[in-house]
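The values are calculated or read from the model by the stated rules, or taken from the named source; none is laboratory data. Just so it is clear, the structure is predicted and the values come from calculations on it, not from any experiment. Cβ atoms come from the backbone with ideal geometry, glycine included; neighbour counts cover every protein chain shown. The protein model used for the area step is the full one, side chains on, heavy atoms only, and it has no ligands, DNA or RNA in it. Shrake-Rupley method; radii C 1.70, N 1.55, O 1.52, S 1.80 Å.
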Amino acid sequence: MGRVTVATDAPIAPLTTLRLGGPAARLVEAHTEDELVDAVREADDAGEPVFVLAGGSNVVVADAGVAGTVVRVLTRGVGCEDLGEHVRLVVQAGEPWDDLVARTVADGLAGLECLSGIPGSTGATPIQNVGAYGQEVAATIERVRVWDRRARAVAELPAAECGFRYRSSRFKHSDAHVVLAVTFLLRRSPLSEPLRYPELARALGAQPGDRVPLEQARAAVLALRRDKGMVIAPDDPDAVSAGSFFTNPVLDQARFAALERRARARLGPGVHVPRYPEPDGRVKTSAAWVIEHAGFTKGLSRGAVGISTKHALALVNRGGARTEELVALAREIADGVRAAFGVDVVPEPVFVGHSWASGAGALAGHQAATPPTSMHRWVDHTAELQLELEAPTCEAVFAEAFAALRGLLADAGAQADGDALRRRVDVAAADSAALLAAWLEELVFLTEREPLVLDELADLQVGGDRVTATVRGRRGDSPPLVKAVTYHDLRLEREGECWRARVVLDV
């Protein structure tokens with residue numbers, strides 16, 4: 001295998017952001033594409049389990065270590081092709097992601113600036129279709145080079161064949177492909193892509209849709225992430241984590257009603273449980289909310305492990321911990337949430353060398369327990385909300401979108417107790433689907449800036465590339481539920497005698 005580095009009984013805890021876990025039976029460090037392919041192929045030929053490790057930011061490794069082969073991706077290199085107004089970058093999978101983002105910002109290339117501060121490697125980004133603060137990699141990925149373990153061949157997959165969805169792709173729940181390199185197509189510009197995330201726009205003193213200098217966008221994103229303990233920093237003890245440890249529970253209507261009853265009995269009749277309706281009729285609720293209200297607050301400690309002081313979903317290693325201690329705290333939290341609210345919270349990180357479902361009492365009472373071998377499917381539980389609309393006219397679709405957002409806020413306990421307000425809305429976009437997204441973005445911005453609790457819509461006019469309307473409401477307490485309106489899987493089109501639309505919200 002050329003100059004590839006091979007070690008036995010090799011420590012891998014230092015290679016993860018949690019700094020936990022025992023050794024790998026066999027650790028292979030691959031520095032080139034050929035070495036990476038050879039390492040995986042050799043392990044496959046030997047019938048050994050293979051775990052591909054890059055940035056180590058979303059894994060929980062067992063104290064006993066990992067049987068089989070761990071392949072560490074250390075490939076480096078960024079190829080650059082000047083296309084005039086655009087630049088094509090071919091990036092090796094092992095390139096640190098934030099280093100790449102910093103480089104593109106310094107070189108005046110727009111498209112990745114709002115993805116600053118995300119830990120891990122470039123090769124991991126297409127797997128989850130990484131996104132944050134209004135951007136996602138699917139918007140700039142042109143193709144992905146992979147090793148197809150079944151066909152035993154290198155393949156170039158165009159973006160259209162990668163199955164990109166909101167925080168997911170064809171690579172996410174399959175080990176059939178190993179990402180070797182990612183090709184991005186970025187625009188030359190000293191200014192960012194249009195801001196799509198209200199919180200980021202406010203931090204920059206800008207409006208949604210504005211463009212700002214790339215360096216300012218990156219700095220603002222890093223500051224926001226740092227405040228949430230989501231930037232890997234040696235001087236931040238809250239950064240020794242795997243990010244969000246638990247996913248948001250998704251419940252059927254009966255179980256959500258039972259959660260509400262328990263919450264009222266425990267916290268009082270006026271309590272409101274966060275709810276995000278799902279397209280299939282179920283309801284997503286907040287894992288952070290149930291965890292904190294079950295008594296597990298930010299900053300809690302259990303010896304060498306604890307909960308981040310900045311983020312209730314992050315479990316941290318405070319130094320010298322063992323994986324079993326962290327998992328014991330995670331189980332304590334899960335058991336406490338179940339006892340308090342009858343709801344199961346399950347982990348988001350990948351368990352390596354062990355499983356969440358192992359051990360006495362693990363997931364006791366879980367009504368839809370997934371076998372340990374399919375635990376990785378839970379990683380896909382993200383805070384997303386798909387809105388589907390149907391109406392007899394295009395204008396009626398926009399009215400229904402207003403009603404849907406108003407209902408979502410009402411479900412979340414928005415309370416109007418201030419002066420009546422009237423706000424004129426006037427937004428434009430390149431096409432009708434983008435116009436619908438811009439319309440919802442402006443409504444979200446109004447609910448947070450005022451804050452405005454939506455009430456009525458008047459004088460709505462939709463024509464070509466523009467929508468205007470008068471929005472009425474009252475000042476009050478409007479929970480900031482919607483973080484951004486995404487442009488992934490966005491559609492608005494006429495089908496026969498009616499109009500249908502779909503838009504995904506980041507909540």
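Figures for the structure shown
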item	result
In segment 170-194, residue nearest to Gln207 (Cα to Cα) [restricted to those that are touching a residue at least 60 places away in the same chain (Cβ under 8 Å) and among the hydroxyl-bearing types (Ser, Thr, Tyr)]	Ser192
Failed item in (1) touching a strand residue (DSSP E or B) at 6+ places or on another chain (Cβ under 6 Å); (2) open to solvent by 30 Å² or more (accessible area, probe 1.4 Å); (3) of a type in the set (Gly, Ala, Ser), with Ala265 passing the rest	(1)
Segment 169-215, subset in a loop (DSSP other than H, G, I, E, B) and under 30 Å from Asp34 (Cα atoms), residue modelled with the lowest pLDDT	His173
Candidates Ala43, Ala67, Ala39, Ala110 - the one that is touching a residue at least 60 places away in the same chain (Cβ under 8 Å), buried (at least 16 other Cβ atoms within 10 Å of the Cβ) and not β-branched (Val, Ile, Thr)	Ala110
Qualifying position, being within 24 Å of Ile232 (Cβ to Cβ), free of Cβ contacts under 8 Å to residues at least 40 places away in the same chain and of a type outside the set (Asp, Glu), among Pro96, Pro11	Pro11
Condition broken by Arg218, with the remaining ones in (1) more than 15 Å from Gly111 (Cβ to Cβ); (2) crowded, with 18+ Cβ neighbours inside 10 Å satisfied	(1)
Among (1) at pLDDT 90 or above; (2) more than 17 Å from the chain's Cα centre (by Cα); (3) more than 30 Å from Pro208 (Cβ to Cβ) - the single one Gly108 does not satisfy	(3)
Residue satisfying condition, being under 28 Å from Pro347 (Cα atoms), touching a helix residue (DSSP H, G or I) at 6+ places or on another chain (Cβ under 8 Å), assigned to a strand (DSSP E or B) and open to solvent by 40 Å² or more (accessible area, probe 1.4 Å), within set Arg72, Arg19	Arg72
Segment 223-254 - residue that is surrounded by fewer than 17 Cβ atoms within 10 Å (Cβ to Cβ), of a type outside the set (Val, Ile, Thr) and in contact (Cβ under 8 Å) with a residue 24 or more places away in the chain and, of those, farthest from Val59 (Cα to Cα)	Gln253
Within segment 302-334, tally of residues that are open to solvent by 60 Å² or more (accessible area, probe 1.4 Å) and out of contact with any helix residue (DSSP H, G or I) (no Cβ under 7 Å at 6 or more places or on another chain)	5
Residue ID - surrounded by the fewest Cβ atoms within 10 Å (Cβ to Cβ), chosen from residues in segment 128-138 that are under 16 Å from Arg170 (Cα atoms) and among the aliphatic types (A, V, I, L, M)	Val130
Selection count where residues are more than 15 Å from Asp344 (Cβ to Cβ) and open to solvent by 60 Å² or more (accessible area, probe 1.4 Å), scope segment 273-291	2
In segment 297-326, the residues that are modelled with pLDDT under 95, in contact with an Asp or Glu (Cβ under 7 Å, 6 or more places away or on another chain), hydrophobic (A, V, I, L, M, F, W, C) and part of a loop (DSSP other than H, G, I, E, B)	Ala312
Some residue of segment 418-427 being open to solvent by 20 Å² or more (accessible area, probe 1.4 Å), part of a strand (DSSP E or B), in contact with a Gly (Cβ under 7 Å, 6 or more places away or on another chain) and at pLDDT below 75	yes
Close pairs (7 angstrom Cβ cut-off, 6 or more residues apart or separate chains): in a strand (DSSP E or B) in segment 259-285, aromatic (Phe, Trp, Tyr) anywhere	Val283/Phe256; Val283/Tyr276; Lys284/Tyr276
Hey, Val105 touching a residue at least 40 places away in the same chain (Cβ under 8 Å), assigned to a strand (DSSP E or B), surrounded by fewer than 24 Cβ atoms within 10 Å (Cβ to Cβ) and of a type in the set (A, V, I, L, M) or not	no
Failed item, numbered, when Leu389 is tested on (1) surrounded by 15 or more Cβ atoms within 10 Å (Cβ to Cβ); (2) at pLDDT below 90; (3) not in a strand (DSSP E or B)	(3)
Total residues in segment 127-145, condition in a loop (DSSP other than H, G, I, E, B), under 8 Å from the mean Cα position of the chain (by Cα) and touching a residue at least 60 places away in the same chain (Cβ under 8 Å)	0
Qualifying positions in segment 336-351 - in a helix (DSSP H, G or I) and either crowded, with 17+ Cβ neighbours inside 10 Å or among the β-branched types (Val, Ile, Thr) (or both)	Val337, Arg338, Ala340, Phe341
